[in-house]
Amino acid sequence: MVFAGIFSWSGLSKAGVQISVINDQNQNSIFNELSKEVSSRTSIDLLASVETIKLIDKKTFERPWLWIKSPAQLATSTGKFTQEATIWMLRGGFLVIDGPATEESLRRLSEPLVSASNVKTNWSTVPPDHEFMRSFYLLNSLPSCKGTPWKILTFD
């Protein structure tokens, strides 16, 4: 019983996460506030400091969470995810695209994921009962971005 109390008191029950941002050095102010909100509302200890990635290489895909401004940063000239990005996501990589994208461009982008996973799926608005929403249990819904709701692609 004492061990359980020490374990929960020590903060070991939180998962520490550092976001890796590709080619955007102006995100630190956003993550200072975001890290406080996420850490206070979830079991995730989101670090306020971000790692800025200037060059996308094999090491980029060793990180668990990536944050990009444009889908083109991880896409081929045909607008589809690169093979490296596809494999990374199939292994469980968590990608946040922080910028506008049309339904068609998202569908094209994710074609390699959908065909490789053998699961019929589409981009959709994050539903209220999704595990992503349960992580932010104090919110009834995610805020829209310029009138567009957050989209999610789940395939496992």
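Just so you know, all these numbers are worked out from the coordinates, no wet-lab data involved. Just so it is clear, the model here is predicted, and its values are computed rather than measured.
Listing for the model above:
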read-out	value
Ratio of the Cα radius of gyration of the range 48-117 to 2.2 N^0.38 Å, where N counts its residues	1.07
Too-long pairs where the Cα-Cα distance tops 27 Å, listed order kept, from 36/120; 80/151; 36/80	36/120; 36/80
Amide H contacts under 5 Å for residue 52, placed H, 5+ residues apart	21
